[in-house]
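Attaching a single structure in structure tokens format; questions to follow.
The values are calculated or read from the model by the stated rules, or taken from the named source; none is laboratory data. Note that the structure is predicted; figures quoted are calculated from it, not measured. Here the Cβ is made from the backbone with ideal geometry for all residues, glycine too, and neighbour counts use every protein chain on show.
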Amino acid sequence: MIPFNRPYMTGRELQLIAEAHANGHLSGDGPFTKRCHAWLEAQTGAARALLTHSCTAALEMSALLLDLEPGDEVIMPSYTFVSTANAFALRGAVPVFVDVRRDTLNLDESLVEAAITPRTRAICVVHYAGVSCEMDTLLAIAARHGLAVVEDAAQAIFSTYKGRPLGTLGDLGCLSFHETKNIISGEGGALLCRDAHYAERAEVIREKGTNRSKFFRGQVDKYTWVDIGSSYLPSELIAAFLAAQMDAGTQITQRRLALWDRYHEWATGHEAAGRLRRPIVPADCTHNGHMYYLLLPSLEKRTAFIQHMNDSGVGTVFHYIPLHSSPAGLRFGRASGELPVTDDLSARLVRMPLWMGLEEHMDEVLAAADKALLLLD
């Protein structure tokens, strides 16, 4: 079976984990954590980067930093992972689901202003498949209404919008290093603070609500509980693994983009024949080769395609179930109007395998996909 995903190791992860052990510091915020922070700040231009144990944790920290209260509202797409909504619902805030654009499957900026109410506190954008939302328009809307902007950039490391790294355009950005992402640590994430406004408090929230980081920098003579928070930092073993991935990040992205390009070229003929639609990347955006998906003509054809591929020994999957129609989405959130594009595209999208090492299997994958698509004609 050619799996949908296979985690990649550069070959240096175990060496760096051994170094972390030799350092005698296995809990968080040791030398490797600091190394990862410095890499992220250099890569993105963020004023402060903080490793977390997941992108979910970074999103939860964002909700805490915004001081959300029960009944406050946060606008977001329905077509996203549950963590995007959960982070805010945990604070008692109401996720307000808005439809997505038909081209990128990102939050439709033309519908956002109509979703704003007196209780709206923030907009949480999701850069689907590592392709940016229309950030200038969204940031202008947020500025007009005094709203914070959180970027769920889980899939978007190395992606840009008009030359600017994603995760640092809004007030706060959240990255993922889950094993399905471009650079990985098994589970892992990071919070990016665009400027210094949130940085100091973010350190406190991440360290159980204490000023422990100031204590270790010699800025206070003892540390104590000063704010709400939780334990959001990963261990040094995770950071050491991630450091090896970061060192190879440019090469990993180049290889993923080459695989993405191979899929995109292959799919041209099938798109022309009306069997599928390829991903669309706007001219102002550069993506990172995180994901290659196909939009098939119907749910029935998507289901049959996945089954045909599985029968051929190739793992393909669909993606999110829209949150606005999920049991928890109906309970904790609300939809802003109808969401026809979300309902339509989510039922027709299928994700193709894309992982380091897939190069040697691509002929087999594409042959299986050709066969499956022709069977659907």
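Kindly check whether there is at least one residue in segment 209-231 that is surrounded by 24 or more Cβ atoms within 10 Å (Cβ to Cβ), on the phi < 0 side of the Ramachandran plot and at pLDDT 95 or above. If you could, list the steps in order and put the result at the bottom.
If we filter segment 209-231 for residues that are surrounded by 24 or more Cβ atoms within 10 Å (Cβ to Cβ), which is where we start, we get none.
For segment 209-231, residues surrounded by 24 or more Cβ atoms within 10 Å (Cβ to Cβ), on the phi < 0 side of the Ramachandran plot and at pLDDT 95 or above: absent.
Provide a single number: the residues in segment 312-331 that are surrounded by 14 or more Cβ atoms within 10 Å (Cβ to Cβ) and not in a loop (DSSP other than H, G, I, E, B).
6
Something else now. Which condition does Glu300 not pass, out of (1) over 25 Å from the mean Cα position of the chain (by Cα); (2) of a type in the set (D, E, K, R); (3) closer than 25 Å to Ala154 by Cβ, if it passes all the others?
Condition (3) is where Glu300 drops out.
Next up: Out of all the residues in segment 355-373, is one or more touching a strand residue (DSSP E or B) at 6+ places or on another chain (Cβ under 6 Å) and assigned to a loop (DSSP other than H, G, I, E, B)? Write out each step before concluding.
At the first step, the residues of segment 355-373 found to be touching a strand residue (DSSP E or B) at 6+ places or on another chain (Cβ under 6 Å) are 361, 365, 368.
Keeping just the survivors that are assigned to a loop (DSSP other than H, G, I, E, B) gives none.
No, segment 355-373 contains no residue that is touching a strand residue (DSSP E or B) at 6+ places or on another chain (Cβ under 6 Å) and assigned to a loop (DSSP other than H, G, I, E, B).
Can you find, within segment 268-302, the residue that is farthest from Lys162 (Cα to Cα) among those that are surrounded by fewer than 17 Cβ atoms within 10 Å (Cβ to Cβ) and touching a strand residue (DSSP E or B) at 6+ places or on another chain (Cβ under 8 Å)?
This residue is Glu271.
Right, another one. Can you spot a residue in segment 143-155 that is of a type in the set (Lys, Arg), modelled with pLDDT of 95 or more, over 19 Å from Leu257 (Cβ atoms) and in contact with a Ser or Thr (Cβ under 9 Å, 6 or more places away or on another chain)?
Of all residues in segment 143-155, those of a type in the set (Lys, Arg) come to 144.
Now restrict to residues that are modelled with pLDDT of 95 or more: 144.
Cutting the leftovers down to over 19 Å from Leu257 (Cβ atoms) gives us 144.
Filter once more, keeping what is in contact with a Ser or Thr (Cβ under 9 Å, 6 or more places away or on another chain): none.
Checking segment 143-155: not a single residue is of a type in the set (Lys, Arg), modelled with pLDDT of 95 or more, over 19 Å from Leu257 (Cβ atoms) and in contact with a Ser or Thr (Cβ under 9 Å, 6 or more places away or on another chain).
Which of (1) over 16 Å from Met1 (Cβ atoms); (2) of a type outside the set (D, E, K, R); (3) in contact (Cβ under 8 Å) with a residue 40 or more places away in the chain is the odd one out, the single condition Val365 does not satisfy?
That leaves (1) as the condition not met.
Working only within segment 332-344, note down all residues that are touching a helix residue (DSSP H, G or I) at 6+ places or on another chain (Cβ under 9 Å) and either assigned by TED's automatic domain parsing to the domain that holds Asn86 or loosely packed, with under 13 Cβ neighbours inside 10 Å (or both). Break it down into steps so the answer makes sense when it comes.
Of the residues in segment 332-344, the ones touching a helix residue (DSSP H, G or I) at 6+ places or on another chain (Cβ under 9 Å) are 332-337, 339, 342-343.
Answer for segment 332-344, where residues must be touching a helix residue (DSSP H, G or I) at 6+ places or on another chain (Cβ under 9 Å) and either assigned by TED's automatic domain parsing to the domain that holds Asn86 or loosely packed, with under 13 Cβ neighbours inside 10 Å (or both): just Gly337.
Can you tell me which residue is nearest to the chain's Cα centre (by Cα) among those in segment 122-147 that are surrounded by 13 or more Cβ atoms within 10 Å (Cβ to Cβ) and part of a loop (DSSP other than H, G, I, E, B)?
My answer is His127.
On the basis of being surrounded by fewer than 15 Cβ atoms within 10 Å (Cβ to Cβ), of a type in the set (Asp, Glu) and more than 20 Å from the chain's Cα centre (by Cα), does Glu265 make the cut? Break it down stepwise before answering.
Values: surrounded by fewer than 15 Cβ atoms within 10 Å (Cβ to Cβ): yes; of a type in the set (Asp, Glu): yes; more than 20 Å from the chain's Cα centre (by Cα): yes.
Criteria met by Glu265.
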